[in-house]
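Report on the structure given below.
The values are calculated or read from the model by the stated rules, or taken from the named source; none is laboratory data. The structure presented is a predicted model; accordingly, all values stated were derived computationally and were not measured. Because the Cβ atoms are built from the backbone with ideal geometry, glycine has one as well, and the counts that use them run over all protein chains shown. Quick note on the areas: whole protein, heavy atoms, side chains included, nothing else; ligands and nucleic acids left out. Shrake-Rupley method; radii C 1.70, N 1.55, O 1.52, S 1.80 Å.
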Amino acid sequence: MKTCLVVDDSSVIRKVARRILEGLEFTIEEAEDGEQALDACRRRLPEAILLDWNMPKMDGYEFLRLLRRLPGGDGPKVVFCTTENDVAHIARALHAGANEYIMKPFDKEIVEAKFQEVGLI
């Protein structure tokens, strides 16, 4: 079973994402900011990361830059999940190493489609 790390400062978003991803047969780990997420990745790299952009302590962009520098950090498929929808944000996320990008609010169909696009399901 594949593991997905859900990184979001909103417990509601983490809960919704967990429900959707468990339905797609992922084991879920959660982090509420980039620092917690980086610690989790240092312990064990997941196959997938659903990543919020705006979080306290360390935002998603900074987390992604640091993740990609870890040994094996190029492995996880990262799907940014955010309310930021301007082209500059999307380009910045992709340049930092994101594999895909989805907008909040999201539903099962959107998550499933994006995870299929990056080869996770």
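I need the full set of residues from the range 23-55 which are in a loop (DSSP other than H, G, I, E, B), within 27 Å of PRO71 (Cβ to Cβ) and open to solvent by less than 70 Å² (accessible area, probe 1.4 Å), in order please.
Selection gives ASP33, LEU45, PRO46, GLU47, ASP52, TRP53, MET55.
Which of the residues spanning the range 77-114 are in a loop (DSSP other than H, G, I, E, B), at negative phi and not β-branched (Val, Ile, Thr)?
Answer for the range 77-114, where residues must be in a loop (DSSP other than H, G, I, E, B), at negative phi and not β-branched (Val, Ile, Thr): GLU84, ASN85, ASP86, ALA98, ASN99, LYS104, PRO105, PHE106, ASP107.
Go through (1) assigned to a strand (DSSP E or B); (2) more than 12 Å from the chain's Cα centre (by Cα) one by one and return the number of the condition ILE20 breaks.
ILE20 satisfies all of (1) assigned to a strand (DSSP E or B); (2) more than 12 Å from the chain's Cα centre (by Cα) except (1).
Does the range 39-54 include one or more residues that are farther than 20 Å from GLU117 by Cβ and in contact with a Gly (Cβ under 6 Å, 6 or more places away or on another chain)? Outline the logic, then answer.
Of all residues in the range 39-54, those farther than 20 Å from GLU117 by Cβ come to 39-45, 54.
Retained after the next criterion (residues that are in contact with a Gly (Cβ under 6 Å, 6 or more places away or on another chain)): 45.
Yes, that holds for at least one residue.
Scan the range 57-76 residue by residue and report those that are outside any helix (DSSP H, G or I) and either free of Cβ contacts under 8 Å to residues at least 12 places away in the same chain or open to solvent by less than 70 Å² (accessible area, probe 1.4 Å) (or both).
MET58, ASP59, ARG68, ARG69, LEU70, PRO71, GLY72, GLY73, GLY75, PRO76 - these are the residues of the range 57-76 that are outside any helix (DSSP H, G or I) and either free of Cβ contacts under 8 Å to residues at least 12 places away in the same chain or open to solvent by less than 70 Å² (accessible area, probe 1.4 Å) (or both).
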